[in-house]
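Structure first, then comments.
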Amino acid sequence: MIKSIQLCLTHSGRVDGRKHVAFSPGLNTVVGPNGSGKSSLLKAIYDCPDCKKKNNDETRYHYFDSEAMNPHRSEEHFKGIAGSVIRVRAMFSSHGETMRDVLRFMNFKPGDCLLLDEPEAGHDLKWIIKIRKGLDKIAQTGCQVIVASHHPVFFNDMNIIELKRDYVNKTLEKFKRVVCG
């Protein structure tokens, strides 16, 4: 589980100029407009050797975005029987269906950190809500979840990390105007 990250010079420039980001156990969502550094923050956590993470030394990081779930990539991202099922199904499924398989077949353990870049992509509202409920269950097992998202379903009952000040309130106001007229 990651407590915080001190971003290197490269990543602090990509993540809205931030040098330090703190996380909570359980559910975290990173929000901000396109280009504010949500994906860059997740990638920095996952594999930047220059960013300094304060975490449990036994933390296993699992990173999923649309590229990681592409079954045609050369590296073997998904391991074992569950990985084989995900890779084969992904050849014939949408990104959204593959995300559902990841949440269903991957074995997350207490202390793990699950990093998801826009898990709502390719889903209708019904499935976005199911994904959120699945993430709630994963977090209840002791796995930390960090989501980069624009979707309001990921704004409630999570530690929110806004990369642009007041992003959540402005997004909800715009959403309300569009839906309610």
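All of the numbers you see were taken from the coordinates with simple rules; none came from a lab. What you see is a predicted model; the values in this text were computed from it and never measured. Glycine also receives a Cβ, built like all others from the backbone with ideal geometry; neighbour counts cover every protein chain displayed.
Residues whose amide H lies under 5 Å from that of Ile160, counting only those 5 or more places away or on a different chain, are Thr29; hydrogens are built 1.01 Å from N in the peptide plane. Approximating the spin labels as points 7 Å out from Cα along Cα→Cβ, the Leu9-to-Ala121 distance works out to 3.0 nm.
Using θ = phi - 60° in the Karplus curve 6.51 cos²θ - 1.76 cosθ + 1.60, the 3J(HN,Hα) couplings for segment 19-32 round to 10, 9, 9, 10, 10, 9, x, x, 9, 10, 10, 9, 10, x Hz; x is entered for Gly and Pro. The simple spin-label model puts a point 7 Å past each Cα toward its Cβ; for Ala22 and Thr141 those points are separated by 2.9 nm.
Over segment 92-181, the ratio between the Cα radius of gyration and 2.2 N^0.38 Å evaluates to 1.16. For the cross-link pairs Lys54/Lys126; Lys3/Lys176; Lys19/Lys109; Lys109/Lys176; Lys19/Lys126, the ones whose C-alpha atoms lie over 31 Å apart are Lys54/Lys126; Lys3/Lys176; Lys109/Lys176; Lys19/Lys126.
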